[in-house]
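What follows is one structure encoded as structure tokens, with my remarks underneath.
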Amino acid sequence: MSQIEAKPVFQPNKEFSKTARIKNMCEYKALQDAATEDYEGFWGGYAKEKLDWIEPFTNTLDESNFPFVKWFGGGKLNVSAQCIDRHLEFRKNKAAIIFEGDRGDKQVITYLDLYYKVNKFANLLKEDFGVKKGDRVVIYMPMIPEAAYAMLACARIGAIHSIVFGGFSSEALKDRIEDAEAKVVITADGAYRKDKPYMLKPVVDAAIDANSPVKKVLVIERNNEDVTWVAGRDYSYNELIKSKSGKCEPEVMDAEDPLFLLYTSGSTGKPKGVQHNSAGYILWAQMTMEWVFDVKENDTYWCTADVGWITGHTYIVYGPLAMGATTVMFEGVITHPDAGRPWKMVEEHKINQFYTAPTAIRVLHKMGEHEPLKYDLSSLKVLGTVGEPIDPPAWKWYYEAIGGSKCAIVDTYWQTETGGHIVSPIPGATPIKPACATFPLPGIMAEILDENGEKSPVGEKGLMCVTRPWPSMIRGVWGDEKRFVKSYFGDVKKDGKPVYFTGDGAVYDADGYITITGRTDDVINVSGHRMGTAEVEAAIKKHPNVAEVAVVGKPHEIKGEGIFAYVVLKSDSGVADEVEEVKAINKVIQKEIGNIALCDDMVFTSGLPKTRSGKIMRRILRSIAKGEEITQDISTLEDPSIVEKIVNMLRK
Ligand code: PRX
């Protein structure tokens, strides 16, 4: 048995626990037991209590066609009504969204404002663009409130939105538009970053050619700069919205009607369109907001993610609004104008829950260790992290300097596919350990299993799985049923039955705490963003001088993991200047994917370590990138000498 380091334990803040929704581990265990004893009763009870049904559901869970499961069969509802309409009776003047722009410009959007904005937007999509239930709408937007209106307007009329992160290139946008067969793109002319305007619309223009399924583009004029308008295709939101009615009846949706697609990287092939459906997703988004952040009626909650990622979907828009909370939306860069920006915002908005990624914490720590001292952070109650393992020094700084050693840190473990948190501390109940996701949330049958489907022994790395379908589980990979089954339900079986495998490794400690150890597949986690090695390699191969390439992850001080590329150039490429060649290849990556996939390291080698059947031995390349001793058996390689050549080259 391998030994794992014992971590210190921090008890929940007693004052906080007194009024928390889940107050102690006994209550937590009682909920877990209730779910174990009567799984359907547990979920059915919450679905009745938490959601407003237009028609009640009659069948809580149908697993007969597993893994194509159905939750809350027969039930009808509308997700935008869950997020807006039902709050109008008691919260119409409460702030739903507080927006802070890059340049400090502010907007407060009440639930009543949100109602009108979304209804008008929905009418615009229906009347002017002919968008109907089931149509796909791509949203390529900066972090402005209109992004949330667009999502909720789609939900209102039953259209399926697919947000593409604003940092993706036109090629990446084009691929996603085509895969989803979207007929409409909603974008903005541009936005602001570090006080400077930047443009988005030209990226959209480059992504749509004559064969594109997109027939109409809606442009939100944020910057009011000159952009190219294609007659008959491009329309100004600011103009069209003026004449729209503020009332649009929400479409009656089946519990299992799709709500959105979100493309994410896998270990092979092109990005997958992860599909989430209506009722199960919104139920868990709301429940995890309540349990994990424990947001109270007068609290102000801020998640720094971008709506282009799942965290932005579930924990900026859907979760907070479903529970009637006040959610802060931020356009800017958190280190601008200095690394005190988020703490200044915490003081000014009296933020109670703050949720960010370990990369951000590391940057803020490095750039402004003492910045928190300048601000009053006493409003904070819960701090969250997401997206990647957090290292103990960053955790310590977050806990002490930001949380004043009184706030729980919820290290939330989840994925695009899980819709919401699956393993996380509960702030009023769980004694926390640094950099540890702790325990499965009530109702989530998450377990670390070995390859035979047995529970992993303490201290031994195993596979992070969920053994029963839960309401916000991925419902499909858009247009590819086989890939859905193979990607998630192919590798691990428990008692002979396939279970959901996350792709992550994890380990139990002696107290049963779960620590996530990272991906077990060829996915790199760069600043909390998933990057498939296959995608980066496919981009690099588009450079005409490249014969072969292998990409691996390498630990990075700030980003968690960086991208390390081993490139074999064509023998006739005649490259004289390697520095220029690196730049040229990075340009291709920028064009094909975007800046987020730029390589941190790139080396040119004469070959790659491959087995005789031609499989690249990435494990060896990972060890070389980390500067580790090569302990793997290399005798089975087609050309074992290549390993030494690469190692020697890097030593130079
Ligand atoms: O490897 C895990 C890591 O992020 C992956 C999911 O990425 P994505 O779908 O882009 O969603 C990110 C936001 C949920 C996971 O497979 N990950 C996520 N949260 C944690 C984490 N790794 C360690 N600790 C976490 N708390």
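The values are calculated or read from the model by the stated rules, or taken from the named source; none is laboratory data. The model shown is predicted, which means the values in this text are computed figures rather than measured ones. Ideal geometry is used to build each Cβ from the backbone, glycine not excepted, and the neighbour counts take in all protein chains shown. Calculation scope for accessible area: heavy atoms of the full protein, side chains included, ligands and nucleic acids excluded. Shrake-Rupley method; radii C 1.70, N 1.55, O 1.52, S 1.80 Å.
Yes/no matrix, rows are residues, columns are (1) free of Cβ contacts under 8 Å to residues at least 12 places away in the same chain; (2) within 14 Å of the ligand (Cβ to nearest atom); (3) polar (S, T, N, Q):
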{"position": "LYS272", "(1), (2), (3)": "no, yes, no"}
{"position": "THR288", "(1), (2), (3)": "no, yes, yes"}
{"position": "ASP294", "(1), (2), (3)": "no, no, no"}
{"position": "ASP299", "(1), (2), (3)": "no, no, no"}
{"position": "THR304", "(1), (2), (3)": "no, yes, yes"}
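For segment 623-652, what are the residues that are farther than 16 Å from VAL552 by Cβ and within 36 Å of the chain's Cα centre (by Cα)? Residues satisfying the conditions are GLU629, THR631. Taken over segment 459-489, the criterion of being open to solvent by less than 50 Å² (accessible area, probe 1.4 Å) and in a loop (DSSP other than H, G, I, E, B) is satisfied by GLY459, THR467, PRO469, TRP470, PRO471, SER472, MET473, ILE474, ARG475.
Does segment 7-30 contain at least one residue that is open to solvent by 70 Å² or more (accessible area, probe 1.4 Å), farther than 30 Å from ILE84 by Cα, at pLDDT below 95 and not hydrophobic (A, V, I, L, M, F, W, C)? Looking through segment 7-30, at least one residue is open to solvent by 70 Å² or more (accessible area, probe 1.4 Å), farther than 30 Å from ILE84 by Cα, at pLDDT below 95 and not hydrophobic (A, V, I, L, M, F, W, C). Summed over segment 320-352, the residues that are of a type outside the set (A, V, I, L, M, F, W, C), open to solvent by 10 Å² or more (accessible area, probe 1.4 Å), in a loop (DSSP other than H, G, I, E, B) and farther than 22 Å from GLY420 by Cα give a count of 7.
The conditions of being free of Cβ contacts under 8 Å to residues at least 60 places away in the same chain and under 18 Å from LYS70 (Cβ atoms) are not met by VAL492.
Taken over segment 241-270, the criterion of being away from the ligand (no atom under 16 Å from the Cβ), touching a strand residue (DSSP E or B) at 6+ places or on another chain (Cβ under 7 Å) and part of a loop (DSSP other than H, G, I, E, B) is satisfied by VAL252, ALA255, GLU256, ASP257. The conditions of being in contact with a His (Cβ under 8 Å, 6 or more places away or on another chain) and crowded, with 20+ Cβ neighbours inside 10 Å are met by TRP309. If you go through segment 599-642 and keep only what is surrounded by fewer than 12 Cβ atoms within 10 Å (Cβ to Cβ), touching a residue at least 24 places away in the same chain (Cβ under 8 Å) and among the basic types (Lys, Arg), you end up with just ARG612.
When VAL79, VAL108 are checked against the criterion of being among the β-branched types (Val, Ile, Thr) and either within 25 Å of the chain's Cα centre (by Cα) or under 28 Å from VAL214 (Cα atoms) (or both), a single residue qualifies: VAL79.
Picking from residues in segment 200-232 that are out of contact with any helix residue (DSSP H, G or I) (no Cβ under 7 Å at 6 or more places or on another chain) and polar (S, T, N, Q), the one that is modelled with the lowest pLDDT is ASN224. The set of residues from segment 257-313 being farther than 30 Å from GLY74 by Cβ, touching a Phe, Trp or Tyr at 6+ places or on another chain (Cβ under 6 Å) and among the small types (Gly, Ala, Ser) comprises just one member, GLY308.
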